[in-house]
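Colleague: Sending over a structure as structure tokens; questions will come in a sec.
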Amino acid sequence: MNKILKLSGKVAIVTGGSRGIGFATAKIFVENGAKVVITAKDSKRLEKATSQLANTIGIVADIRNENDVKKVVEQTIKKFGKLDILINNAGIFPKIKQLHEINESEWNEILDVNLTGQFRFTKEAIPHLRKTAGSIINISSDAGLKAYQGFNADAYSASKAGIIILTKCWALEYAKDKIRVNCICPGVVDTDMTKPFLKTQKDREFMDNEHPIGRIGKPEEVAKAILYFASDDAAWTTGAILAVDGGESIK
């Protein structure tokens, strides 16, 4: 029996696609018939990622640089002729500090990457997504849904909460263009970003127990939710905020 390809003929950009959730998303998109452009700052990591994926090209880009962002969208259109899906996934995580210990440059960097960076890519993508009645999926965090005691990453939480409200704003703003905009809020997922918090077995057990389902997530589990929003399965869904977090945010 032939597998149904949910993204057959679609063209997608996945920011931060060289590892973690972004790489898992690119992989499941390719498996479902899409042509994918992934971005990352690290050229070696990007090269390694694209070597493992069919129908995928990598473009080195810094989400903080407007010209880099324009270059990614322009090269995608030049290569594939259109854009159907934008996955705003790229993000960074700060050192854990209380608010009074954060300097302004640290604060600004987190917001520049995690919030303004998503604005830059969305702004460049919109004219092309209008032509295809495309889809945008923003990757936020359950830290954008609620405050966690002891989780002292205020700029990160603020940036992720900002992405949630922007999802709703953009969903309303571009509904007339038939562009769907949805958002996923992962809990702790086993990626390079979370490795510093999972150094010991005790660390991992603590983090597993923070999630009512009893474990942290896998990148592939978030990627499957992203696939749903990107596909026609979600054709009547826009402005939705989906927690994929093992129940962490409902405690």
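Colleague: Which FRET efficiency value, to the nearest 0.05, is calculated for residue 4 and residue 192 with the Förster distance at 30 angstrom and r the Cβ-Cβ distance?
Modeller: With a Förster radius of 30 Å, E is 0.40.
Colleague: Now, a different point. Would you tally the net charge around residue 218, using a Cβ to Cβ cut-off of less than 13 Å, leaving residue 218 out, and scoring K and R as +1, D and E as -1?
Modeller: Once positives and negatives cancel, what remains is -2.
Colleague: Still on this structure, please answer the following. How large is the accessible surface of residue 215 in square angstrom, using a 1.4 angstrom probe and rounding to the nearest 10?
Modeller: 100
Colleague: Can you give the translational diffusion coefficient of the chain in µm²/s, computed by Stokes-Einstein from the Kirkwood radius over Cα pairs at 20 °C and 1.002 mPa s?
Modeller: The Stokes-Einstein estimate is 117 µm²/s.
Colleague: Going through the cross-link list 202/224; 79/146; 3/160; 97/178, which pairs have a Cα-Cα distance over 32 Å in this structure?
Modeller: Long pairs (Cα-Cα over 32 Å): 79/146; 3/160; 97/178.
Colleague: Angle check, please: helix 117-132 long axis (alpha carbons) against the longest principal axis of the chain (alpha carbons), in degrees 0 to 90, nearest 10.
Modeller: 30
Colleague: What percentage of the solvent-accessible surface of the chain, computed with a 1.4 Å probe over protein heavy atoms, is contributed by carbon and sulfur atoms?
Modeller: 52
Colleague: What does the charge count around residue 21 come to, taking other residues whose C-beta lies under 15 Å from its C-beta (Lys +1, Arg +1, Asp -1, Glu -1)?
Modeller: It works out to a net charge of +1.
Colleague: Return the distance in nm (one decimal) between the two label points of a simple spin-label model at residue 209 and residue 152, each offset 7 Å from Cα along Cα→Cβ.
Modeller: 2.2
Colleague: Shifting gears a bit: Set the Förster radius R0 to 41 Å, insert the Cβ-Cβ distance between residue 96 and residue 123 as r into 1/(1 + (r/R0)^6), and round the FRET efficiency to 0.05.
Modeller: 0.85
Colleague: Putting +1 on Lys and Arg Cβ atoms and -1 on Asp and Glu Cβ atoms, find which of 13, 96, 170 reaches farthest to the positive end of the dipole of segment 11-246.
Modeller: 13
Colleague: A further question follows. Can you list residues from other chains, or at least 5 along the same chain, whose modelled amide H is less than 5 Å from the amide H of residue 194?
Modeller: For residue 194, no residues qualify.
Colleague: Measure nothing fancy, just the Cα-based angle from helix 154-173's long axis to the longest principal axis of the chain, in degrees from 0 to 90, nearest 10.
Modeller: 30
Colleague: Helix 201-210 sits at what angle to the longest principal axis of the chain, using alpha carbons and giving 0 to 90 degrees rounded to 10?
Modeller: With both axes taken from Cα atoms, the answer is about 70 degrees.
Colleague: Can you give the calculated 222 nm mean residue ellipticity of the chain, where each DSSP H run of n ≥ 4 adds -39,500 (n - 2.57) and the sum is split over every residue, rounded to the nearest 500 deg cm²/dmol?
Modeller: Using -39500 (n - 2.57) per qualifying helix, the result is -13000 deg cm²/dmol.
Colleague: Solvent-accessible area per residue for the chain at a 1.4 Å probe radius, Å²?
Modeller: Per residue, the chain has 51 Å² of solvent-accessible surface.
Colleague: Can I ask one more? Of 207, 193, which has the most accessible area and how do the rest follow, probe 1.4 Å?
Modeller: 193, 207
Colleague: Let me have the relative contact order for the chain, percent, based on Cα pairs under 8 Å that are six or more residues apart.
Modeller: For the chain, the relative contact order is 19 percent.
Colleague: Moving on. Quick one: net charge around residue 73, please, counting Lys, Arg +1 and Asp, Glu -1 for every other residue with C-beta under 12 Å from its C-beta.
Modeller: Counting the neighbours of residue 73, the net charge comes to +3.
Colleague: Right, another one. Gain in length, residue 236 to residue 111, computed as 0.36 nm per residue apart minus the alpha-carbon separation, to one decimal in nm?
Modeller: Residue separation times 0.36 nm, minus the Cα-Cα distance, leaves 41.9 nm.
Colleague: Please give the charge dipole size of segment 11-246, origin at the Cα centre, charges +1 on K and R Cβ atoms and -1 on D and E Cβ atoms. Round to the nearest 20 debye.
Modeller: For segment 11-246, the charge dipole is close to 660 debye.
Colleague: Taking the dipole about the Cα centre of segment 11-246, with the C-beta of Lys and Arg at +1 and of Asp and Glu at -1, give me whichever of 111, 87, 55 is farthest to the positive side.
Modeller: Working it through, the farthest residue towards the positive pole turns out to be 55.
The values are calculated or read from the model by the stated rules, or taken from the named source; none is laboratory data. Because the structure is a prediction, the values reported are computed rather than measured. Methodologically, a virtual Cβ is constructed for each residue, glycine included, from the backbone with ideal geometry; neighbour enumeration extends over all protein chains shown. Side chains included, ligands, DNA and RNA excluded: accessible areas come from the protein's heavy atoms. Shrake-Rupley method; radii C 1.70, N 1.55, O 1.52, S 1.80 Å.
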